[in-house]
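One structure is given below, encoded as structure tokens.
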Amino acid sequence: DVRDNSMNNMRNHPVETVEGGSSIRILRYDAAQDSGGPGKWRGGMGQMLVVEVLCDNGYFLAAGIDRKRFRPWGIFGGHAARGLKLIYNQGRPDEREIIRIHELAMKKGDTLTILMPGGGGYGNPLERDPAAVLRDVAIGYVSPESARDDYGVVIADGKIDEQATADLRRSRTAVARPDFDFGPDREIWESVFDDATMFAINEQLYKLPKAQRQDIRTDFFESVVPGIVVQTEKSFAELIPDPQTARARLKDALVALTARAAAFN
């Protein structure tokens with residue numbers, strides 16, 4: 001839980017060190033509740049970080065904002081984890097969710113809440129030991145609502161309701177889940193852009209001059225999913241309400257891309 005990945009230089013630093021070297025105050029540094037994917041073995045928790053800017057004309061820099069749409073996936077019946085979430089001035093009238101950050105302008109007193117993604121769950125969460133779920137609820141890793149809805153464990157007055165838990169789990173055992181749970185956005189995306197389609201797209205893009213590929217790629221996806229370039233705050237369920245219609249646009253766009261690539265060869 002809330003560990004660095006040991007593969008780069010972004011290890012956890014003491015709060016005092018961070019505050020001493022920058023004009024920010026760390027208001028909260030904690031585990032992000034319900035960030036780990038439900039499973040027989042729960043996914044690791046992501047971090048929660050709330051920072052306050054102490055000066056005007058400040059900028060928050062961030063690169064590689066990953067796992068915002070495509071969540072860390074669950075496996076063998078485990079659920080996908082919660083994705084990354086960034087909230088500007090949470091709890092205030094001007095609160096808003098931040099979709100992308102490169103240089104976020106902030107003024108004195110502004111806050112940014114960073115809810116980092118957790119790990120995907122492994123195995124059916126209905127098979128998790130109820131005592132382990134109770135422990136997670138007690139320490140704040142899992143909410144009572146998630147304990148009930150995801151794990152089928154009913155907790156009342158800090159204790160497990162054994163009968164209600166048994167009844168709830170029994171009513172859900174017939175529900176079959178796929179080996180992988182990629183989360184709703186990726187599942188909708190792959191209903192249009194499956195592996196074979198992405199291979200075909202990339203095959204044509206690599207025939208184009210390198211300097212032009214990115215712009216052509218952007219135009220291509222915008223023609224198939226209108227709004228995907230600028231409407232980044234929308235989910236794929238909103239951007240792709242009818243996958244069949246999107247597939248029809250994709251067919252036309254791929255024909256045009258193939259013809260364009262052929263002109264350079």
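Taking region 33-100 and the strands (runs of 3 or more DSSP E) fully enclosed by it, the elements with 2 or more residues that are open to solvent by less than 20 Å² (accessible area, probe 1.4 Å) and at pLDDT 90 or above are at 47-53, 85-88. Those helices (runs of 4 or more DSSP H) of region 186-265 in which at least 3 residues are open to solvent by 40 Å² or more (accessible area, probe 1.4 Å), within 25 Å of ARG67 (Cα to Cα) and touching a helix residue (DSSP H, G or I) at 6+ places or on another chain (Cβ under 9 Å), considering only elements entirely within it, cover 210-224.
Of all the numbered requirements in (1) closer than 30 Å to ASP167 by Cβ; (2) over 17 Å from the mean Cα position of the chain (by Cα), HIS102 misses one, and that requirement is (1). Restricting region 150-185 to residues that are of a type in the set (Lys, Arg) and either in a loop (DSSP other than H, G, I, E, B) or open to solvent by less than 80 Å² (accessible area, probe 1.4 Å) (or both) leaves a set whose member that is nearest to VAL224 (Cα to Cα) is ARG177. Just one of (1) in a loop (DSSP other than H, G, I, E, B); (2) open to solvent by 70 Å² or more (accessible area, probe 1.4 Å); (3) not small (Gly, Ala, Ser) fails for ARG28. It is (1).
I'd like the residue in region 103-149 that is open to solvent by 50 Å² or more (accessible area, probe 1.4 Å) and assigned to a strand (DSSP E or B) and, out of all such residues, is modelled with the highest pLDDT. This residue is TYR122.
A quick yes/no check of all residues on (1) at positive phi; (2) in contact (Cβ under 8 Å) with a residue 60 or more places away in the chain:
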| site | (1), (2) |
| --- | --- |
| ARG67 | yes, no |
| ILE75 | no, yes |
| LEU84 | no, no |
| ARG96 | no, no |
| LYS108 | no, no |
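Contact map, region 179-201: first residue over 17 Å from GLN244 (Cα atoms), second residue open to solvent by less than 60 Å² (accessible area, probe 1.4 Å) and of a type in the set (Val, Ile, Thr), Cβ cut-off under 7 Å, separation 6 or more or different chains; pairs are ASP179/ILE75; PHE180/ILE75.
The values are calculated or read from the model by the stated rules, or taken from the named source; none is laboratory data. Owing to the predicted nature of the structure, the values given are computational and were not obtained by experimental measurement. No Cβ is skipped: glycine too gets one built from the backbone with ideal geometry, and neighbour counts run over all protein chains shown. The accessibility values were calculated without ligands, DNA or RNA, using every heavy atom of the protein model including side chains. Shrake-Rupley method; radii C 1.70, N 1.55, O 1.52, S 1.80 Å.
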